[in-house]
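Enquirer: Before we start, here is the structure in question, set down as structure tokens.
The values are calculated or read from the model by the stated rules, or taken from the named source; none is laboratory data. Note that this is a predicted model, so its numbers are computed, not measured. Because the Cβ atoms are built from the backbone with ideal geometry, glycine has one as well, and the counts that use them run over all protein chains shown.
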Amino acid sequence: MTKVLGKMQCKRIIVPTTKISTRLDVYLHSELPELSRTTIQKLINSGHITVNGRVVKPTHTPRAGEVIEISIPEPEPATAKPEPIPLEVLYEDEWIVIINKPPGLVVHPCPGHTSHTLVNALLHMCAGQLSGIGGVERPGIVHRLDKDTSGCLIVAKTDQAHIALTEMFANRCLAKIYHAIVCGSVDRDLGMISAPIGRHPVHRKCMAVREDIGREAHTSFRILERLNSTTLLELQPHTGRTHQIRVHMKHIGHPVFGDKVYGAKQTNQVIRETGVIPPRFMLHAYQITFTHPITGQTIDVVADRPADFEEVINKLRNTS
């Protein structure tokens, strides 16, 4: 049963007589698929979900006859302000939008970047169509690209699409292709890098290959073109670890050209050899392919490499 009290949506579930052998958050996710499990956990921990009038933990096992009451707050206004920042739209319907993120654009507001972010742009472009998951009105960004990475980025416009896409990313149901210029001459025309990635033991903002605590990570690659002192690669990450491509390329001795965090030494060596100075690290999310979470249609979107990327390629072709 669902009813609305003021700005609070309330739901009431009576646990059936059949025995339930799962925890509360899992049970409610099966009963209320429009809410993600993370959202349900937040509602439980904030006291918006009670069992027989009592606040419980997400691990509580529901018993037959118990009354579960769920109060879903109205989404809070977004703290970021809409800004008319131009965005190139690669695909859009009523549920999702895929944009070609330009290099240099930060995805989320953060200290030092409180404005002129992708979120500000989406608040303007998708006004009145934004996901309310998590209790805050915001664009449903289900994956991220680093500030200097350009290319395909999916945004969910509805809660239903947000939940479905989040699960698709978690289950690796999307194929993503990147293009990168890496330092040095890669010796194999194609290959697979399998090396676990975890937090760097000293530099906590960085990631590293960690055999001890790292999570499995796999990236395949093939050479598109051999350039002067560098190689143009096509890469496909088969897992979704933070900075995965950048860390894996550093691991095999060919960091992304221009990557000051994971490949400053090698980048400087290429600059000395070629005289070409990259404006950023040369990584581009070229293509994304997936099954639309609502319509079932196959979505296959390509973002052409931006002008700065092509300029670096041309310069590296013409140096000797």
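Enquirer: Only residues that are in a loop (DSSP other than H, G, I, E, B), surrounded by fewer than 22 Cβ atoms within 10 Å (Cβ to Cβ) and touching a helix residue (DSSP H, G or I) at 6+ places or on another chain (Cβ under 7 Å): list them for the range 232-259, please.
Expert: Answer for the range 232-259, where residues must be in a loop (DSSP other than H, G, I, E, B), surrounded by fewer than 22 Cβ atoms within 10 Å (Cβ to Cβ) and touching a helix residue (DSSP H, G or I) at 6+ places or on another chain (Cβ under 7 Å): just Gly240.
Enquirer: So which pairs qualify, if the first residue must be in the range 194-208 and basic (Lys, Arg), the second must be surrounded by 15 or more Cβ atoms within 10 Å (Cβ to Cβ) and not in a loop (DSSP other than H, G, I, E, B), the Cβ gap must be under 8 Å, and the two must be at least 6 apart or on different chains?
Expert: Arg199/Met207; Arg199/Ala208
Enquirer: Taking the conditions exactly as written (surrounded by fewer than 20 Cβ atoms within 10 Å (Cβ to Cβ) and not assigned by TED's automatic domain parsing to the domain that holds Ile154), does Ala217 satisfy them or not?
Expert: Here the answer is no, as Ala217 does not meet what is asked.
Enquirer: Continuing with this model, one more query. Please verify whether Ala307 is of a type outside the set (Lys, Arg) and closer than 29 Å to Arg204 by Cα, treating the condition exactly as stated.
Expert: no
Enquirer: Kindly indicate whether Ala303 is exposed (fewer than 14 other Cβ atoms within 10 Å of the Cβ) and of a type in the set (A, V, I, L, M).
Expert: no
Enquirer: Select from the range 84-104 the residues that are modelled with pLDDT under 90 and surrounded by 15 or more Cβ atoms within 10 Å (Cβ to Cβ) and list them in ascending order.
Expert: Ile85
Enquirer: May I pose another question? Could you tell me which residue of the range 51-60 is nearest to Leu24 (Cα to Cα), considering only residues that are surrounded by fewer than 17 Cβ atoms within 10 Å (Cβ to Cβ) and either among the basic types (Lys, Arg) or in contact with an Asp or Glu (Cβ under 9 Å, 6 or more places away or on another chain) (or both)?
Expert: If we take residues in the range 51-60 being surrounded by fewer than 17 Cβ atoms within 10 Å (Cβ to Cβ) and either among the basic types (Lys, Arg) or in contact with an Asp or Glu (Cβ under 9 Å, 6 or more places away or on another chain) (or both), then Thr59 is nearest to Leu24 (Cα to Cα).
Enquirer: Under 15 Å from Pro73 (Cβ atoms) and surrounded by fewer than 19 Cβ atoms within 10 Å (Cβ to Cβ), is that true of Ser30?
Expert: Here the answer is no, as Ser30 does not meet what is asked.
Enquirer: Further, regarding this structure: Since Ile245 meets every condition but one in (1) more than 23 Å from Thr319 (Cα to Cα); (2) of a type in the set (A, V, I, L, M, F, W, C); (3) out of contact with any strand residue (DSSP E or B) (no Cβ under 6 Å at 6 or more places or on another chain), which condition does it not meet?
Expert: Only one criterion in (1) more than 23 Å from Thr319 (Cα to Cα); (2) of a type in the set (A, V, I, L, M, F, W, C); (3) out of contact with any strand residue (DSSP E or B) (no Cβ under 6 Å at 6 or more places or on another chain) is unmet by Ile245, namely (3).
Enquirer: Can you give me the number of residues within the range 178-196 that are under 15 Å from Thr219 (Cα atoms) and buried (at least 23 other Cβ atoms within 10 Å of the Cβ)?
Expert: 3
Enquirer: Considering only the range 266-290, state which residues are touching a helix residue (DSSP H, G or I) at 6+ places or on another chain (Cβ under 8 Å) and hydroxyl-bearing (Ser, Thr, Tyr).
Expert: Thr274 - this is the single residue of the range 266-290 that is touching a helix residue (DSSP H, G or I) at 6+ places or on another chain (Cβ under 8 Å) and hydroxyl-bearing (Ser, Thr, Tyr).
Enquirer: Would you check which residues across the range 269-300 are surrounded by fewer than 16 Cβ atoms within 10 Å (Cβ to Cβ) and basic (Lys, Arg) and list them?
Expert: The answer is Arg272, and nothing else.
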